[in-house]
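The values are calculated or read from the model by the stated rules, or taken from the named source; none is laboratory data. None of these values were measured; they are calculated from a predicted model. Cβ atoms come from the backbone with ideal geometry, glycine included; neighbour counts cover every protein chain shown. In case anyone asks, the SASA skips ligands and DNA or RNA and just uses the protein heavy atoms, side chains included. Shrake-Rupley method; radii C 1.70, N 1.55, O 1.52, S 1.80 Å.
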Amino acid sequence: VTTVFSNYGVGAFEVRGSRTSPDDPVIVLDQVIYTESGGMRRVPTRVDARYAGDGHNHWHAQQVVTMELSPVLSPGSVTNGNKIHFCFFDNTSTNSALEGYVGTPYYKNSWCGKPDSYGVRMGLSIGYGDRYGWDFVGQYIDISSLAGGTYTLKATVDWVNNFYETDDT
């Protein structure tokens, strides 16, 4: 399954976090809200980052996206996807017509850290998205036990509302 989640808001979507010891397996993340006056404030979230030793070799924010597959004729029966943790950064332009869009990506993969990093910074600029191709580690839903039929695939960003958003749609 290839997924792209995008920032169509009025400002950057950014999280930052740090840890005090290399033995701590968790980096607690704050959301960074930029103000119109050029300042910023950090808002605590219930989201943490953990090192992803699955070939991505950087830290991932936990519980960012959920994928659900449900049969059209029985929508209450859901099979969940595997990949829900991400290091998000500007890796694809998704809407250059948005006010505030800048033609050069700002957030970088390298800011997702290494195993020994004490801090991380992840984000999406206005009009940019984070694309994970079908061939990335964990980008799948196990359908081996599902009956044949027609299914609906739904991916939802921030389904538990851990982050401030201009519009949840």
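Each residue in the stretch 75-93 was checked for being open to solvent by 20 Å² or more (accessible area, probe 1.4 Å) and touching a residue at least 24 places away in the same chain (Cβ under 8 Å), and 9 of them qualify. Checking every residue in the stretch 53-64 against the condition of being closer than 20 Å to residue 165 by Cα and at pLDDT 95 or above gives zero matches. Taken together, the residues in the stretch 120-144 that are in a strand (DSSP E or B) and either modelled with pLDDT under 95 or not small (Gly, Ala, Ser) (or both) amount to 8. Only residues that are open to solvent by 40 Å² or more (accessible area, probe 1.4 Å) and either modelled with pLDDT of 95 or more or polar (S, T, N, Q) (or both) were counted in the stretch 1-11, giving 2. Can you name the residue in the stretch 139-169 that is closer than 25 Å to residue 13 by Cβ and acidic (Asp, Glu) and is also least open to solvent (accessible area, probe 1.4 Å) among such residues? Among those residues, the one meeting the criterion is 158.
Tally up the residues in the stretch 19-35 that are of a type in the set (D, E, K, R) and within 18 Å of residue 88 (Cα to Cα), please. Residues meeting the conditions: 1.
To keep it simple, each residue is scored yes or no on (1) touching a His at 6+ places or on another chain (Cβ under 9 Å); (2) open to solvent by 30 Å² or more (accessible area, probe 1.4 Å).
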site: 73; (1), (2): no, yes
site: 109; (1), (2): yes, yes
site: 120; (1), (2): yes, no
site: 137; (1), (2): yes, yes
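Scanning the stretch 145-169 for residues that are assigned to a loop (DSSP other than H, G, I, E, B), β-branched (Val, Ile, Thr) and within 16 Å of residue 5 (Cβ to Cβ) gives 160, 166, 169.
Assigned to a helix (DSSP H, G or I), modelled with pLDDT of 85 or more and among the aromatic types (Phe, Trp, Tyr) - does that describe any residue in the stretch 85-97? No, the stretch 85-97 contains no residue that is assigned to a helix (DSSP H, G or I), modelled with pLDDT of 85 or more and among the aromatic types (Phe, Trp, Tyr). For the stretch 31-48, the count of residues that are of a type outside the set (S, T, N, Q), touching a strand residue (DSSP E or B) at 6+ places or on another chain (Cβ under 9 Å), open to solvent by less than 40 Å² (accessible area, probe 1.4 Å) and at pLDDT below 85 is zero.
Checking residue 53 against (1) open to solvent by 40 Å² or more (accessible area, probe 1.4 Å); (2) touching a strand residue (DSSP E or B) at 6+ places or on another chain (Cβ under 9 Å), which test does it fail? Failing condition for residue 53: (2).
On the stretch given as the stretch 1-17, residues that are in a loop (DSSP other than H, G, I, E, B) and closer than 8 Å to residue 125 by Cα total 3.
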